[in-house]
Structures are given as C-alpha cells and as structure tokens.
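Here's the structure, in structure tokens; my notes come after.
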Amino acid sequence: MCIYRIPSGKSIISPPSACPKCKNFIKWYDNIPFLSFILLKGRCRKCGNKISLRYPIVELLTGMLFILFFLKFGLEKTYFFYIIIAGYLITLAFIDIDKQIVPDEIILLMIITGFAAGIFELRQGINIFDGLIGAGAGGFIALCLNYFSNGKMGEGDVKLFAALGLFTGAREITGIMFYAFIIGGVFAAVLLASGKSSRKDPVAFVPFIAAAFILRAFIFH
Ligand SMILES: [Zn+2]
C-alpha cells in the first residue's frame, strides 16, 4: 500500500483500501496479508476484478524475510533493527522500480527512526554518534559517486545512503555500498549479455541496496 500511495502523495492512513475498479472499501478480513489473496483467489469479492500479483508477492517476500530474521536473531534488539530497515528498503525498492524516485517523506521518517535506533542502540555498538559518522560517510561517498558518474547514481540514492548510514554506522554502510555495486554490476552484466537492456536504460539502484543490506545481515551478523 505504501509503495502505491506514497509516491503519488496520498495518505497512508485514510481512506481505507478500496478496489480500483468497483471502488468498494476492502473489509479487514479481505485485507489480511497474503492469506486473503489466496482465499479470494486473487479477485475482488464484490466485482471479481483481478488483484495485482504485486501485493501477495511483496507480502510473502516481507513475511518470509521477517521470519528468517527472527530465526537468526530471536526477539532481540537486533531483530527490530533489521525488520525496520528491511521494511523501509523493500518499500523504497519497489517505488524505485516503478517511478525511479526515492520519496523524501520516507527518507525523513528513516532519519527520525535512525536517531531512535541510535538512542536505543538497536544495532549493537552503534550509538547516535556512530550513526552520525555513518550518515556522513554514506552520504559523502555516495555524493562523490553521484558527481563523478554525472548523476547516473541518483540524488535519491545519496539521501538513502546517508539515512541508512545513520542506522548502520560508517563501517557497515561502506560494506553495503560495495555489495550493492557488485550485485548491481552482476545484474547489469547478465541483462546486457542476454540483450534485454542497453547501456542507456535507466536502472533502479535501491533494489540492489536492499539486497546488499539483507545479504550482509545473514553473512556478517
Ligand atoms: Zn471490486
């Protein structure tokens, strides 16, 4: 819902979700992540309009990821550190794929949560001071890349690296950046080799940042 509403400036609190075709509001029991899609066989209860496959896919992906984080970290502070950021990154990744933007509203929310994460030291050993250094490091390196790549790496990515650095500290944000470029590079090479894209096609970069963050959570933590 956030992926769809935030880029077009709509409120995520009201109105409640409605079918895009018949405009009927969706009852809570038809709005249970993933489960409702299966029970309704992918169609609106009122008019039978097909529900986008995007919803159950994102819900399943997020749900499985949260379970994996739980299995790895238990209900510790680290668990909340990872699900909060993964929630932001999954939302931003799909918005980037759709519209090639990184909404400032989400960055702002990330910064506020990032300070809170520092206060509670959600990530062990990263307090507000470490976070601010991480934000500076992430933002500065990304800004240089933005400058020297003639904007190929967008300003949105720069903001995201700064906000993400606030959570992770300097060391991890440089690691995430490095991994994001490797994963993105491999992906681009495969696409080019298979002839599915040309060098000029715009590429959303946030999905690779998200992949790098998640991958490192399981490899290095
Ligand atoms: Zn409908």
Checklist entry - Going through region 94-104 one residue at a time, which ones are surrounded by fewer than 21 Cβ atoms within 10 Å (Cβ to Cβ) and modelled with pLDDT of 95 or more? => result Pro103, Asp104
Checklist outcome for this item: Checking Ile85, Ile90, Ile67, Ile107 in turn, the sole residue that is surrounded by fewer than 17 Cβ atoms within 10 Å (Cβ to Cβ) and of a type in the set (A, V, I, L, M) turns out to be Ile67
Next on the checklist: Tally up the residues in region 98-141 that are assigned to a helix (DSSP H, G or I) and over 13 Å from Leu166 (Cα atoms), please.
Outcome noted: 6
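Filter region 162-221 down to residues that are assigned to a helix (DSSP H, G or I) and closer than 27 Å to Ile128 by Cβ, then give me how many there are.
Looking only at region 162-221, we keep the residues that are assigned to a helix (DSSP H, G or I), and these are 162-168, 170-193, 206-220.
If we keep only those that are closer than 27 Å to Ile128 by Cβ as well, we get 162-168, 170-180, 206, 209-210, 212-220.
Selection size over region 162-221: 30.
Please go through region 34-52 and pick out each residue that is closer than 23 Å to Gly87 by Cβ, surrounded by fewer than 15 Cβ atoms within 10 Å (Cβ to Cβ) and within 16 Å of the ligand (Cβ to nearest atom).
Answer for region 34-52, where residues must be closer than 23 Å to Gly87 by Cβ, surrounded by fewer than 15 Cβ atoms within 10 Å (Cβ to Cβ) and within 16 Å of the ligand (Cβ to nearest atom): just Ser52.
State the number of residues belonging to region 15-33 that are under 13 Å from Met1 (Cα atoms) and away from the ligand (no atom under 12 Å from the Cβ). Can you show your working first?
First, the residues of region 15-33 that are under 13 Å from Met1 (Cα atoms): 15-20, 26, 31-33.
Pick out the ones that are also away from the ligand (no atom under 12 Å from the Cβ) and you get 15-16, 31-33.
Within region 15-33, residues that are under 13 Å from Met1 (Cα atoms) and away from the ligand (no atom under 12 Å from the Cβ) number 5.
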Checklist entry - Just wondering, is there one or more residues in region 167-179 that are of a type in the set (Val, Ile, Thr), out of contact with any Lys or Arg (no Cβ under 7 Å at 6 or more places or on another chain) and modelled with pLDDT of 95 or more? => result yes
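Condition first: assigned to a helix (DSSP H, G or I) and among the small types (Gly, Ala, Ser). Now tell me which residues in region 60-97 satisfy that.
Here is the first cut: in region 60-97, the residues assigned to a helix (DSSP H, G or I) are 60-73, 77-97.
Answer for region 60-97, where residues must be assigned to a helix (DSSP H, G or I) and among the small types (Gly, Ala, Ser): Gly63, Ala86, Gly87, Ala93.
Can you say whether Ile12 is away from the ligand (no atom under 16 Å from the Cβ) and either surrounded by 13 or more Cβ atoms within 10 Å (Cβ to Cβ) or in the same structural domain as Ile101 (by TED's automatic domain parsing) (or both), as far as the supplied structure shows?
Numbers: away from the ligand (no atom under 16 Å from the Cβ): yes; either surrounded by 13 or more Cβ atoms within 10 Å (Cβ to Cβ) or in the same structural domain as Ile101 (by TED's automatic domain parsing) (or both): no.
No: the conditions fail for Ile12.
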Next on the checklist: If I filter region 54-72 for residues that are over 30 Å from Gly169 (Cα atoms) and touching a Pro at 6+ places or on another chain (Cβ under 9 Å), do I get at least one hit?
Outcome noted: yes
Checklist entry - Name the pairs: first residue in region 147-160 and touching a residue at least 60 places away in the same chain (Cβ under 8 Å) and not assigned by TED's automatic domain parsing to the domain that holds Met110, second residue among the hydrophobic types (A, V, I, L, M, F, W, C) and assigned to a helix (DSSP H, G or I), Cβ to Cβ under 8 Å, at least 6 apart or on different chains? => result none
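The values are calculated or read from the model by the stated rules, or taken from the named source; none is laboratory data. The model shown is predicted, which means the values in this text are computed figures rather than measured ones. Every residue, glycine among them, receives a Cβ derived from its backbone with ideal geometry; neighbour counts consider all protein chains shown.
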